[in-house]
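Novice: Got a structure for you, written out below as structure tokens; questions coming shortly.
The values are calculated or read from the model by the stated rules, or taken from the named source; none is laboratory data. The structure displayed is predicted, hence computed values, not measured ones. Cβ placement follows ideal geometry from the backbone for every residue including glycine, while neighbour counts extend to all protein chains displayed. Accessible surface areas use protein heavy atoms only, side chains included; no ligands, DNA or RNA. Shrake-Rupley method; radii C 1.70, N 1.55, O 1.52, S 1.80 Å.
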Amino acid sequence: MRLLVTGGLGFIGSNFILTMLKSYKDLSIINLDLITYAGNFENLKDVENYGDRYQFIRGDITDLNLVGEIGSMKPDVIINFAAESHVDRSILDSSQFLKTNIIGTQVLLDCCREHKIDRFVQISTDEVYGSLGPSDPPFTENNNLKPNSPYSASKASADMLARAYHKTYCMDVVITRCSNNYGPLQFPEKLIPLMITNAIQDQELPVYGDGMNVRDWIHVMDHCRAIDTVMRKGKAGEIYNIGGSCEYHNIDIVRLILNKLGKPASLIKHVMDRPGHDRRYAMNADKLADHLGWKPLIDFEEGIDETIKWYIGNEDWWRRIKTGEYLTYCEQWYGALKN
Ligand code: NAD
Ligand code: TYD
């Protein structure tokens with residue numbers, strides 16, 4: 001089997017490529033990635049061991065000609081991870097989100113159609129469903145889409161396009177919607193790696209608002225296993241929720257990290273809330289469990305211990321990232337939050 005993975009130098013894509021190459025000897029991967037601020041060549045330094053089973057192409061998923069050329073290499077499946085993925089950045093400026101997340105998906109879907117590629121897997125998010133109240137049941141695949149951030153609106157649009165291509169052109173499209181991931185190789189702008197790395201550096205831990213927002217956490221390797229399951233066994237035209245059934249208030253995650261690192265609670269700083277901040281996400285992943293036999297395996301406490309260890313052992317990796325563009329972005333973001 002030959003896969004075209006897009007966005008494979010990012011957090012989830014690189015974990016996916018590493019585990020797939022390791023697990024299946026009969027599989028090869030083309031990785032198309034633009035290497036934006038979030039893409040990191042170092043994430044896949046170990047793939048050299050896999051010889052011609054791995055091919056990297058630097059480029060943009062919105063580039064029609066390039067994507068067409070790659071389509072004529074006849075991959076069996078396209079798995080679309082490539083995206084602008086950070087809500088806060090989408091609040092600062094949504095233009096790149098609409099371009100990559102919507103137009104990019106359209107270009108890939110057209111390529112799939114033109115080259116008769118067997119299957120298209122769209123990697124989506126629980127954020128397309130909007131926000132839950134404290135006692136609402138977790139989201140199912142039947143919930144309406146009610147995105148509240150430019151990021152989630154762009155991902156919801158991409159999901160709608162994927163659905164439309166299935167209905168209109170009878171293409172084999174499946175959509176996965178996952179909750180918040182954590183684990184090794186996550187860019188330190190997202191909650192868990194930001195808090196771990198700031199705590200190691202004895203810097204303030206910025207908690208938005210009252211810190212009582214809830215996220216449903218899943219280890220990235222459980223997510224990758226779910227994508228593999230859906231890619232092989234999912235039914236064309238279906239949507240599959242993926243979640244960890246592991247709800248935490250943000251403030252409790254932050255306290256847990258400080259505790260594990262032996263750092264004082266005085267590092268916590270409550271800052272202005274993110275505009276449009278979704279209060280709670282929770283996923284019902286029963287469909288994936290009942291129809292395809294997947295369930296999450298990694299216990300959160302163990303996963304977070306292993307993740308903290310990874311960030312302690314890979315300081316060079318994240319210290320290099322927390323410079324340059326990242327610092328400019330932080331300045332802009334915290335400047336905008338104050339106004
Ligand atoms: P990420 O930001 O870490 O990585 C995104 C990757 O896409 C980077 O390597 C970047 O260089 C690449 N990319 C961006 N624009 C591109 C373009 N125009 N052409 C080619 N490559 C481009 O993201 P992530 O956290 O790994 O998320 C991957 C996917 O999973 C996204 O689609 C995201 O919406 C979805 N998702 C993420 C989470 C999460 O918790 N991180 C949860 C659910 C779903
Ligand atoms: P994030 O990792 O950005 O994921 P998402 O917004 O896509 O769920 O944020 C997770 C939660 O943590 C979210 O409720 C916002 C909050 N948060 C903070 O309180 N402080 C921060 O510095 C960041 C980045 C996030």
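Novice: In percent, what relative contact order does the chain have, based on Cα pairs under 8 Å that are 6 or more apart in sequence?
Specialist: The value is 17 percent.
Novice: Order of 119-126, 261-268 by packing, highest average Cβ count within 10 Å first?
Specialist: Most protected by this proxy first, the peptides run 119-126, 261-268.
Novice: Run the helix sum for the chain: -39,500 (n - 2.57) per DSSP H stretch of 4+ residues, divided by residue count, reported at 222 nm to the nearest 500 deg cm²/dmol.
Specialist: -12500 deg cm²/dmol
Novice: Next up: Provide, for q = 0.11, 0.18, 0.23 Å⁻¹, the log10 of I(q)/I(0) from a solvent-free Debye sum over equal Cα point scatterers in region 76-188.
Specialist: -0.37, -0.94, -1.32
Novice: Mind checking which of Thr105, Thr168, Thr197 has the largest fluctuation in a GNM of the chain, springs on alpha carbons under 10 Å?
Specialist: Thr168
Novice: For a test of the definition: using alpha carbon positions, the gyration tensor, and the 1.5 limit on a/c, classify region 1-71 as rounded, prolate or oblate.
Specialist: The shape class here is oblate.
Novice: Got the relative contact order for region 1-129 handy, in percent, Cα pairs under 8 Å and 6 or more residues apart?
Specialist: About 28 percent, as a whole number.
Novice: Next question. Can you pull out the trypsin sites (Lys or Arg not before Pro) in region 188-296 whose DSSP state is coil and whose Cβ has at most 12 other Cβ atoms within 10 Å?
Specialist: Here the trypsin sites (Lys or Arg not before Pro) that fit, given the DSSP loop and packing criteria, are Lys235.
Novice: While we're here: Rounded to whole Å and sorted largest first, what semi-axes of the equivalent ellipsoid does the C-alpha gyration tensor of the chain yield via the square root of 5 times each eigenvalue?
Specialist: 31, 22, 20
Novice: Report in % the part of the accessible area of the chain that belongs to carbon and sulfur, leaving out ligands and nucleic acids; probe 1.4 Å.
Specialist: 50 percent
Novice: Compute the angle between helix 150-169 and the longest alpha-carbon principal axis of the chain, please, reported from 0 to 90 degrees and rounded to the nearest 10.
Specialist: 20 degrees
Novice: Turning to a different aspect of this structure: Please identify, among Gln201, Gln106, Gln96, the residue showing maximal mean-square fluctuation in a Gaussian network model of the chain using a 10 angstrom Cα cutoff.
Specialist: Ranking Gln201, Gln106, Gln96 by mean-square fluctuation puts Gln201 first.
Novice: Next question, about the same structure. Take the Cα pairs of region 115-252, get the Kirkwood Rh, then feed it into Stokes-Einstein at 4 °C and 1.567 mPa s and tell me D in µm²/s.
Specialist: The calculation lands on 78 µm²/s.
Novice: I've got another one for you. Measure nothing but the geometry: give the 0 to 90° angle between the long axis through the Cα atoms of 324-338 and the longest principal axis through the Cα atoms of the chain, rounded to 10°.
Specialist: The two axes meet at around 60 degrees.
Novice: Taking θ as phi - 60°, what are the ³J(HN,Hα) couplings along region 15-25 by the Karplus curve (6.51, -1.76, 1.60), each to the nearest whole Hz, with x for Gly and Pro?
Specialist: Each residue's phi maps through the Karplus curve to give 4, 5, 4, 4, 6, 5, 5, 6, 7, 10, 6 Hz.
Novice: For the chain, what does the accessible surface come to per residue with a 1.4 Å probe? Please give it in Å².
Specialist: 43 Å²
Novice: Continuing with the same structure: For a quick protection proxy, order the peptides 150-157, 304-311, 29-36 by their average other-Cβ count within 10 Å, most packed first.
Specialist: Packing proxy ranking, top to bottom: 150-157, 29-36, 304-311.
Novice: Expressed as a whole number of Å, what is the distance separating the alpha-carbon centroids of region 217-290 and region 18-56?
Specialist: Each part's Cα centre sits 25 Å from the other's.
Novice: Can you give me the angle between helix 191-200 and the longest principal axis of the chain, using Cα atoms only, in degrees from 0 to 90, rounded to the nearest 10?
Specialist: Computed tilt is about 50 degrees.
Novice: Report the paramagnetic label zone for Arg58: residues of region 8-34 whose backbone N is under 14 Å from a point 7 Å from Cα along the Cα-to-Cβ axis.
Specialist: Taking a point 7 Å out along Cα→Cβ of Arg58, the residues of region 8-34 whose backbone N falls under 14 Å are 9, 32-34.
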